[in-house]
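Note sheet for the following structure.
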Amino acid sequence: MAAERNVELGFVEETEKFLLKSRFFPSKVGGVPAWLSLNPLPSAEELTCRVCSKPTVFLLQVYAPDSSTSFAFHRTVFIFICRNDNCCKANCADNLIVLRSQLPKVNDFFRSQPPAEVPIENEIDASKYAKLCRVCGGVGPKTCGKCGCVSYCSKEHQAVDWKAYHKRECSTNKTDLKAEKSYAVLFPEFEIVTETEIYTPKKDAGQTSEEEKMRQYKEFLESNKGSDFSTSFPEKELQSMASQETVDDKQIRKFKERISAEPDQILRYDKGGEPLWISQSTCPVSIPDCSCGAPRQFEFQVLPHLLSHLQVDKLGTSLDWGTLCVYTCSNSCDVGNQYVKEYIFKQDVV
């Protein structure tokens, strides 16, 4: 039997907000992105939802340097998501965007020495190179037509700010550009801290439940309802359906059993490994290669427990996922100061 891989588990933790700025190369959830490459940033069009064509917002970022190449001495993977609940479809990632950014040790933005862990007045961030959207922290090509003081990525985020703050500021001519604002469209901000998973597989985990499921299925077929159901399908198809259901039930039990030792984990980092799937029947058939031509490999997955920290749960349609699996270029190809799109696969329990 192959040895279990060392998986790094991610957990959310509150910390000083200044420690989540770009110069500290953080892994974090929510707020605005702590951009790695500060110039150029992704365009507003690159951060647009593929379903509704509205702007996405920052979900999380993972700092993951690649020691195999000098141009990825610093390396961060970013995930953005559309806040429109109706864009969240089962087993569909069209409301999600993943970007990779890399820098060498000696680069255009940050010193080679680790920064002192103290606040500074002139923070090193992307606002030194471009106008940023006051709401989401992305590129802000649009400005308030009345005062011309604040910038936005889109008319949607301009409307968000107008309702929350700028209607009062603009009319009184008292816009404070340095004050950090909080917006309901953004997620609560946390640091992601990691620790190595300690996992001992349980013998025959889920076997009894699988046998019980098959027993219940056979009893159902022998019942009046089951006999009506069975006449609608050939015997081979019924057996296939039962087998498929059993495989998926077993997989979700495996998923739950694996995370039960650390139920607060929101992320599993296992670059070059395999995701912890919640279903076998909806796994991806193939993963598209990177734009450079190299194959992509699995890097990390986001677990559903993160949703409990995002304040998105509500009646009816809401943001949801079973797991989000991120695949990145196996070569960490050199992209200079650019941001390059990677691949994300969304799996749900349906």
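Only the coordinates and a few stated rules stand behind these numbers; no lab work does. Computed from a predicted model, the values in this text were never measured in an experiment. All Cβ positions, even for glycine, are placed from backbone atoms using ideal geometry, and neighbour counts span all protein chains on display.
Here are the numbers for the structure shown:
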quantity	calculated
Between 0 and 90°, nearest 10: helix 207-222 axis offset from the chain longest Cα axis	60 degrees
Segments 172-180, 187-195, 19-27 sorted - mean Cβ within 10 Å per residue, highest first	19-27, 187-195, 172-180
Cut-off under 5 Å, modelled amide H: who pairs with T143 long-range	Y152
Exceeding the 24 Å Cα-Cα cut-off - candidates K181/K271; K128/K271; K128/K178; K17/K346	K181/K271; K128/K271; K17/K346
Per-residue ³J(HN,Hα) for the stretch 108-118, Karplus 6.51 cos²θ - 1.76 cosθ + 1.60, θ = phi - 60°, Hz, x for Gly and Pro	7, 10, 10, 6, 6, 7, x, x, 5, 7, 9
Which of T196, T56 has the fewest Cβ neighbours within 10 Å, and the rest in rising order	T196, T56
Relative exposure of H305, H74, H166, judged by other C-beta atoms within 10 Å (fewest first)	H305, H74, H166
Cα long-axis angle, helix 235-259 against the chain (0 to 90 degrees, to the nearest 10)	50 degrees
L267 long-range amide H proximity, modeled H, under 5 Å	G10, L303
Amide N of the stretch 22-49 lying under 15 Å from the label point, which is placed 7 angstrom from the Cα of Y129 along Cα→Cβ	22-25, 33-44
For the stretch 106-150 versus the stretch 12-77, the gap between their alpha-carbon centres in whole angstrom	13 Å
Stokes-Einstein translational diffusion, the chain - Kirkwood Rh over all Cα pairs, 0.890 mPa s, 25 °C, in µm²/s	109 µm²/s
Sorted by Cβ density within 10 Å, fewest first, the residues R50, R111	R111, R50
Phi to ³J(HN,Hα) by Karplus 6.51 cos²θ - 1.76 cosθ + 1.60 over the stretch 301-309, Hz, x for Gly, Pro	10, 9, 9, x, 4, 4, 4, 5, 9
The chain, dipole about Cα centre (Lys/Arg Cβ +1, Asp/Glu Cβ -1), debye to the nearest 20	1400 debye
Under 5 Å, built H, 5+ apart or other chain: amide partners of Y343	Y327
